[in-house]
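Written below as structure tokens is the structure these notes are about.
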Amino acid sequence: MERALEALATSIARLTEEGEQHITAIHGLSLYRREEPTEPMTGMYEPSICLVAQGAKRVLLGDEVFVYDALHYLITSVHLPTVVQIVEANREKPYLGLKLKLDQREMSQLMADSNLPAPRVQQSSRGMATGVMTLALVTAFHRLIGLLDDQQDIPILAPIIQKEIIYRLLVGDQGTRLRQIASAGSQSHQIARAIDWLKTNFTQPLRVEELAEQARMSSSTFHHHFRSMTALSPLQYQKQLRLQEARRLMLSERMDAANAAFQVGYESPSQFSREYNRLFGAPPLRDIINLRQMAAAE
């Protein structure tokens, strides 16, 4: 296991020599490198598996803390707003990690092809968890990354290796969590669909009763299962989506705060500023200036 992790770390280090993030030619696979710990930063985790070949990372979801390192992977089954921090990294031993996106339809198809049963427990569980790394997972990811050295093999071999990775996750220690999401009709599957709708339509007014009706649940049951999976209420979830998108608009597209607030669905600039300050720790203008100064310093 130790040698396998060293080999994986060596491959990631070689491919990230020119930057902190490398979006690879393999669909859904990204590689990461940081040479020092980072400050906590808000971000959206998408359905994915994240591995660390070297270093460690901390993720805060609501009041719950997840720490993963070379011996533990992080799995996320739905889109979740989080606070993220790299806690173990230095120039001699940088943080080296990867992320592979997971597709719910592919998981459902693989469950059917492999005759994997739907889990008996139908209660919604947290949409994020850590699992114990296995040698089979490490070697599968190393073979997947190895395809980047001969990219003509990627269209044929990458889907095969990705299917192996998904299969090992479905039958592993966090497999029940993933199979709940992928099982049509389960409460987790219904909440996942509601989350997908919210992520696409977060600028629209939120009517929880309508979402609950689409999920075929009462409003109170929907609230309970939504919070169980995301650690947030539907309104808190929508609010974080709006604020993170507004931050992106101001930072990347240089939009002013008032227009960004209106763009993401706020009607009151003062309410937007208060909630932005509460989430990011500074008013919009000061936060964007700080982010640009940090980027310039790096």
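Going by the structure shown, is ARG33 surrounded by 16 or more Cβ atoms within 10 Å (Cβ to Cβ), in the same structural domain as LEU144 (by TED's automatic domain parsing) and modelled with pLDDT of 95 or more?
Values: surrounded by 16 or more Cβ atoms within 10 Å (Cβ to Cβ): yes; in the same structural domain as LEU144 (by TED's automatic domain parsing): yes; modelled with pLDDT of 95 or more: yes.
Judged against the criteria, ARG33 is a match.
Taking the condition of being charged (D, E, K, R) and free of Cβ contacts under 8 Å to residues at least 40 places away in the same chain, how many residues in region 7-48 meet it? Residues flagged as charged (D, E, K, R) and free of Cβ contacts under 8 Å to residues at least 40 places away in the same chain within region 7-48 amount to 4. Counting only residues that are of a type outside the set (Lys, Arg), in contact with a helix residue (DSSP H, G or I) (Cβ under 8 Å, 6 or more places away or on another chain) and closer than 27 Å to GLN263 by Cα, region 224-243 holds 11 of them.
Just one of the listed residues (GLN244, GLN240) is touching a strand residue (DSSP E or B) at 6+ places or on another chain (Cβ under 9 Å), outside the structural domain of ALA194 (by TED's automatic domain parsing) and under 19 Å from GLY127 (Cα atoms), and it is GLN240.
Does VAL65 count as among the β-branched types (Val, Ile, Thr), over 23 Å from LEU148 (Cα atoms), at pLDDT below 95 and surrounded by fewer than 22 Cβ atoms within 10 Å (Cβ to Cβ)?
In short, yes.
Mind checking which residues of region 192-201 are assigned to a helix (DSSP H, G or I) and either surrounded by fewer than 19 Cβ atoms within 10 Å (Cβ to Cβ) or modelled with pLDDT of 90 or more (or both)? Quick ask: steps written out before the conclusion?
Taking region 192-201 first, the residues assigned to a helix (DSSP H, G or I) are 192-200.
Result: ARG193, ALA194, ILE195, ASP196, TRP197, LEU198, LYS199, THR200.
Just one of (1) more than 19 Å from LYS199 (Cβ to Cβ); (2) of a type in the set (A, V, I, L, M, F, W, C); (3) buried (at least 22 other Cβ atoms within 10 Å of the Cβ) fails for ILE26. It is (3).
Kindly establish whether ALA215 is in contact (Cβ under 8 Å) with a residue 12 or more places away in the chain and either more than 17 Å from the chain's Cα centre (by Cα) or more than 13 Å from VAL78 (Cβ to Cβ) (or both). It is true that ALA215 is in contact (Cβ under 8 Å) with a residue 12 or more places away in the chain and either more than 17 Å from the chain's Cα centre (by Cα) or more than 13 Å from VAL78 (Cβ to Cβ) (or both).
The values are calculated or read from the model by the stated rules, or taken from the named source; none is laboratory data. Computed from a predicted model, the values in this text were never measured in an experiment. In this analysis, Cβ positions are derived from the backbone assuming ideal geometry, glycine residues included, and neighbour counts consider all displayed protein chains.
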